[in-house]
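Undergrad: Please find one structure pasted underneath; my questions will follow.
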Amino acid sequence: MSHNTYGHLFRVTTWGESHGPALGCVVDGMPPGIALAESDIQVWLDKRRPGQSRFTTQRQEPDQVRILSGVFEGNTTGAPISLMIENVDQRSKDYGDIAEKFRPGHADYTYMAKYGVRDYRGGGRASARETAARVAAGALARKVLGGGVRIRGALIQVGEHAIDRSRWNWNEVENNPFWCPDGETAKRWESYLDDLRRDGNSVGAVVEVVASGAPAGWGAPIYGKLDADLAAAMMSINAVKGVEIGDGFASARLTGVENADEMRAGDDGKPRFLSNHAGGILGGISSGQDIVVRFAVKPTSSILTPRRTVTVGGAETEIVTKGRHDPCVGIRAVPVGEAMMAAVLADHLLRHRAQCGG
């Protein structure tokens, strides 16, 4: 299976399956001399870890990371960094009944059509379990970016229920199980998701990721655009079906007068933007404003409600997907989106430095 690697200078290859003995990643291009310990990575993995509330899968994985290479006496050496996370709570028996059936909404059929084989135990390589390796890589990317760039994500919509942006409070994100910046809306989501779970159903969501502190100049014109790489990174996350930068699709409703991010002279000699419809990226290059990305996550395909499908042999049948699944997979996508933002920005920082210095 090819195409398990992303990035150019900050290059990440993930490996492993949902029900294999372990999963992890290899990060190549990490600059030498950066202090790195397993605890620097674990803090981000703990944000993504399953089983932390009744609104996510109850699979109990500690997601304990081990650094296998690329670090000596507490500092990176410039060699590839290999990270491993063991799987300790697999229940492959939960998937025995579907070994010969294709799950609607999953990659079962397409994997079989392409490779002639599929790992039905939780989806194998197609499982969202793979994103743990991305979060680990994102921790390294944050080290490359340093403290000057801050990346934060939030869940802003569950089903048809969106937050009230006038109540946006980043401090509130850590106070509820949804990474929601609007505490009042988060409370309403609780009963909504409880009802969905009892009905054997699931729902989609929208995640917003914001990077503050990135300077102007990252990215490249035409085929190396920062927003193009961010869109590709977010679209590569499991269950993501749409990505927008800044106002995104809403900009189609605006006039040129409304959409233009006007500028005035700033006190530091740099332009001061009066708005940020462009999401911090102009012509594929960062403007120095907040970089804003949103992505839409489809409903969890593994549900208890019977769905019509076919078997591997082509017979029509019904399927019920048992096991431990998220009623809204978008919840745990928040730290994954943050990690992908960090990885792309770290890559573009190194690419900018290679061409322009600094």
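The values are calculated or read from the model by the stated rules, or taken from the named source; none is laboratory data. Since the model is a prediction, treat every value here as computed from it, not as a measurement. Note that each Cβ is placed from the backbone with ideal geometry, even for glycine, and that neighbours are counted across all protein chains shown. Calculation scope for accessible area: heavy atoms of the full protein, side chains included, ligands and nucleic acids excluded. Shrake-Rupley method; radii C 1.70, N 1.55, O 1.52, S 1.80 Å.
Undergrad: Could you tell me which residue of the stretch 270-290 is most open to solvent (accessible area, probe 1.4 Å), considering only residues that are in a loop (DSSP other than H, G, I, E, B) and hydrophobic (A, V, I, L, M, F, W, C)?
TA: Keep residues of the stretch 270-290 that are in a loop (DSSP other than H, G, I, E, B), which gives 270, 274-280, 283-284, 287-290.
Now narrow it down to the ones that are hydrophobic (A, V, I, L, M, F, W, C): 274, 278.
Numbers: Leu274: 92, Ala278: 28 Å².
Checked the stretch 270-290; the qualifying residue most open to solvent (accessible area, probe 1.4 Å) is Leu274.
Undergrad: Next question, about the same structure. Taking the options Ala250, Ala239, name whichever one is surrounded by 19 or more Cβ atoms within 10 Å (Cβ to Cβ) and either touching a residue at least 24 places away in the same chain (Cβ under 8 Å) or more than 21 Å from Gly105 (Cβ to Cβ) (or both).
TA: Details: Ala250 fails: surrounded by 19 or more Cβ atoms within 10 Å (Cβ to Cβ).
The match here is Ala239.
Undergrad: So which pairs qualify, if the first residue must be in the stretch 331-358 and more than 16 Å from Leu226 (Cβ to Cβ), the second must be among the hydroxyl-bearing types (Ser, Thr, Tyr) and part of a helix (DSSP H, G or I), the Cβ gap must be under 7 Å, and the two must be at least 6 apart or on different chains?
TA: Val336/Thr131
Undergrad: Please report, ordered by residue number, the strands (runs of 3 or more DSSP E) entirely within the stretch 1-90 with at least 1 residues that are of a type in the set (Phe, Trp, Tyr), modelled with pLDDT of 95 or more and in contact with a strand residue (DSSP E or B) (Cβ under 9 Å, 6 or more places away or on another chain). Break it down into steps so the answer makes sense when it comes.
TA: Values: elements: 11-16, 22-28, 65-67, 81-86.
In the stretch 1-90, the matching strands (runs of 3 or more DSSP E) lie at 11-16.
Undergrad: Something else: Within the stretch 322-342, track down each residue that is farther than 14 Å from Ser127 by Cα, in a loop (DSSP other than H, G, I, E, B) and touching a helix residue (DSSP H, G or I) at 6+ places or on another chain (Cβ under 8 Å).
TA: Lys322, Pro327, Cys328, listed by residue number.
Undergrad: Name the residue, out of Arg294, Arg308, that is open to solvent by less than 50 Å² (accessible area, probe 1.4 Å), out of contact with any Phe, Trp or Tyr (no Cβ under 9 Å at 6 or more places or on another chain), of a type in the set (D, E, K, R) and part of a strand (DSSP E or B).
TA: Working: Arg308 fails: open to solvent by less than 50 Å² (accessible area, probe 1.4 Å).
The conditions single out Arg294.
Undergrad: Right, next: Among all residue pairs at least 6 apart or on different chains, which show Cβ distances below 8 Å where the first residue, located in the stretch 253-281, is in contact (Cβ under 8 Å) with a residue 60 or more places away in the chain and the second is open to solvent by 50 Å² or more (accessible area, probe 1.4 Å) and of a type in the set (Lys, Arg)?
TA: Ile281/Lys225
Undergrad: Hey, another quick one. When you check Leu193 against the structure, is it in contact (Cβ under 8 Å) with a residue 60 or more places away in the chain and in a helix (DSSP H, G or I), yes or no? Outline the logic, then answer.
TA: Values: in contact (Cβ under 8 Å) with a residue 60 or more places away in the chain: yes; in a helix (DSSP H, G or I): yes.
Considered against the rule, which asks whether it is in contact (Cβ under 8 Å) with a residue 60 or more places away in the chain and in a helix (DSSP H, G or I), Leu193 comes out as yes.
Undergrad: Go through Gly122, Gly153, Gly147, Gly105 for me and flag whichever is open to solvent by less than 60 Å² (accessible area, probe 1.4 Å), assigned to a loop (DSSP other than H, G, I, E, B) and under 30 Å from Ser39 (Cα atoms). Walk me through it before giving the result.
TA: Numbers: Gly153 fails: assigned to a loop (DSSP other than H, G, I, E, B); Gly147 fails: open to solvent by less than 60 Å² (accessible area, probe 1.4 Å); Gly105 fails: under 30 Å from Ser39 (Cα atoms).
Selected residue: Gly122, the only one of Gly122, Gly153, Gly147, Gly105 that is open to solvent by less than 60 Å² (accessible area, probe 1.4 Å), assigned to a loop (DSSP other than H, G, I, E, B) and under 30 Å from Ser39 (Cα atoms).
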